[in-house]
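J.: Have a look at this one before I ask anything.
The values are calculated or read from the model by the stated rules, or taken from the named source; none is laboratory data. The model shown is predicted, which means the values in this text are computed figures rather than measured ones. Cβ placement follows ideal geometry from the backbone for every residue including glycine, while neighbour counts extend to all protein chains displayed. When the accessible area is computed, the model is the full protein with side chains, heavy atoms only, and any ligands, DNA or RNA have been set aside. Shrake-Rupley method; radii C 1.70, N 1.55, O 1.52, S 1.80 Å.
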Amino acid sequence: MTDSSETPPQTLRALIQHAAEQLLAVQGAEDLDEARLEVELLYGRAADLDRVHVIAAGGHPADPATREAFQQLLIRRLAHEPLAYILGQREFYGLMFQVGPGALIPRPETETLVEAAIEAIREHPRHQRLVRVADIGTGSGAIAISVARHAPAAKMFAVDQSTEALEWAGNNRKRLGPIDRVILLTGDMLEPLTEPLDIVLANLPYVPTEEYEALPDEIRAHEPELAVDGGDDGLDLYRRFAAQLPAHLVDDAYAILIEIGAGQAPFAEDILLEALGHPQNATVTAHRDLRGIRRIIEVRVGY
Ligand SMILES: C[S@@+](CC[C@H](N)C(=O)[O-])C[C@H]1O[C@@H](n2cnc3c(N)ncnc32)[C@H](O)[C@@H]1O
């Protein structure tokens with residue numbers, strides 16, 4: 001006699017439903033729909049099919065070899081490995097970036113930084129010629145590459161302290177380009193930069209250490225601590241970043257755009273303005289992300 005709970009699901013749809021319920025229980029996916037979406041993507045990876053074809057095949061049984069490959073991927077996901085690392089990619093600003101251990105997975109809120117940066121470049125007095133832009137803490141290169149592809153006037157200098165992260169950025173630049181307008185540099189913040197800069201972008205770690213320690217395993221055990229932990233109040237790195245800024249900026253017209261966490265806006269604004277010497281002609285804008293959080297602080301001076 002067989003126990004019916006041990007009977008393998010018969011169709012792909014049933015297999016996916018069963019796996020989604022497991023994922024929801026173990027992983028704390030937000031809801032069953034999200035868990036099902038993740039499982040469909042994992043199955044798609046195992047079967048080399050896109051998600052639409054996985055759904056379309058739902059009425060058929062899964063073939064044994066694909067099912068076995070899928071189970072291996074599912075086990076990794078159930079053990080809290082981020083979906084993007086298992087799939088080896090994450091979509092950001094309409095582009096598919098390769099990611100893996102050593103590079104932070106680009107987050108949707110960072111698209112707000114890209115949008116504001118493209119606008120700041122378009123409106124910069126030098127935009128008919130060349131706007132020199134730095135992306136500090138480039139990670140996978142998501143910001144630098146997305147901005148360069150959408151702002152033909154931008155010459156991007158993408159810096160990271162982690163050589164492992166820069167390898168991912170290099171892969172992405174090779175696949176997505178533009179190779180000639182994204183220059184990768186290793187080092188501490190702005191230190192490796194020698195050209196004067198018109199615009200500086202940064203998504204440096206900003207999670208306060210206490211909050212970092214309470215983050216789910218999925219982040220702490222897999223994504224680099226160097227990419228997330230921002231020290232006591234989360235703003236340690238931005239303080240050091242701000243102190244380096246004046247030596248690297250042009251005199252006449254420049255902009256700084258940084259990504260921050262919820263509640264950090266007034267502090268981040270003070271840090272930047274103080275480091276820049278409270279310029280008379282500065283305008284400060286806080287851009288909200290899709291959840292309404294003031295996520296990007298932009299300081300423009302001279303334009
Ligand atoms: C929050 S991640 C951002 C990654 C990427 N820009 C993105 O938005 O997805 C922060 C990045 O800053 C880098 N980083 C941390 N400290 C740094 C430093 N002192 N100088 C340069 N990069 C640093 C980390 O290695 C990591 O890649």
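J.: Output yes when any residue across the range 85-92 is free of Cβ contacts under 8 Å to residues at least 60 places away in the same chain and assigned by TED's automatic domain parsing to the domain that holds Asp188, and no when none is.
T.: no
J.: Return the only residue of Ile296, Ile260, Ile271 being touching a His at 6+ places or on another chain (Cβ under 7 Å) and open to solvent by less than 60 Å² (accessible area, probe 1.4 Å).
T.: Ile296
J.: Oh, and also: I'm trying to understand the selection: among the residues of the range 93-125, which are open to solvent by 30 Å² or more (accessible area, probe 1.4 Å) and within 16 Å of Leu204 (Cβ to Cβ)? Break it down into steps so the answer makes sense when it comes.
T.: Taking the range 93-125 as the starting set, the residues that turn out to be open to solvent by 30 Å² or more (accessible area, probe 1.4 Å) are 93-94, 96, 98, 101, 104, 107-109, 111, 115, 119, 122-123, 125.
Hits for the range 93-125 are Leu104, Arg107, Glu109.
J.: May I pose another question? Looking at the structure I just gave you, is Leu185 open to solvent by 20 Å² or more (accessible area, probe 1.4 Å), within 14 Å of the ligand (Cβ to nearest atom), hydrophobic (A, V, I, L, M, F, W, C) and part of a helix (DSSP H, G or I)?
T.: So Leu185 does not fit the description; no.
J.: Here's something else I'd like to know. Could you please let me know if Ile219 is open to solvent by less than 10 Å² (accessible area, probe 1.4 Å) and either within 16 Å of the ligand (Cβ to nearest atom) or of a type in the set (S, T, N, Q) (or both)?
T.: No; evaluated as a whole, the condition is false for this residue.
J.: Would you be able to tell me the number of residues in the range 188-208 that are away from the ligand (no atom under 12 Å from the Cβ) and either within 25 Å of Ile118 (Cα to Cα) or exposed (fewer than 14 other Cβ atoms within 10 Å of the Cβ) (or both)?
T.: Count: 7.
J.: Moving on. Which residues, counting only those in the range 234-255, are more than 15 Å from the ligand (Cβ to nearest atom) and either at pLDDT below 95 or under 20 Å from the mean Cα position of the chain (by Cα) (or both)?
T.: Of everything in the range 234-255, those that are more than 15 Å from the ligand (Cβ to nearest atom) and either at pLDDT below 95 or under 20 Å from the mean Cα position of the chain (by Cα) (or both) turn out to be Asp251, Asp252.
J.: So, one more: Right, Leu24: more than 22 Å from Glu218 (Cα to Cα) and modelled with pLDDT of 90 or more or not? First the steps, then the outcome.
T.: Values: more than 22 Å from Glu218 (Cα to Cα): no; modelled with pLDDT of 90 or more: yes.
Considered against the rule, which asks whether it is more than 22 Å from Glu218 (Cα to Cα) and modelled with pLDDT of 90 or more, Leu24 comes out as no.
J.: May I ask you to list the residues in the range 151-166 that are in a loop (DSSP other than H, G, I, E, B) and either of a type outside the set (Ser, Thr, Tyr) or without any contact (Cβ under 8 Å) to a residue 60 or more places away in the chain (or both)?
T.: Selection gives Ala151, Pro152, Ala153, Gln161.
J.: Would you mention how many residues in the range 210-235 are touching a helix residue (DSSP H, G or I) at 6+ places or on another chain (Cβ under 9 Å) and part of a helix (DSSP H, G or I)?
T.: 8
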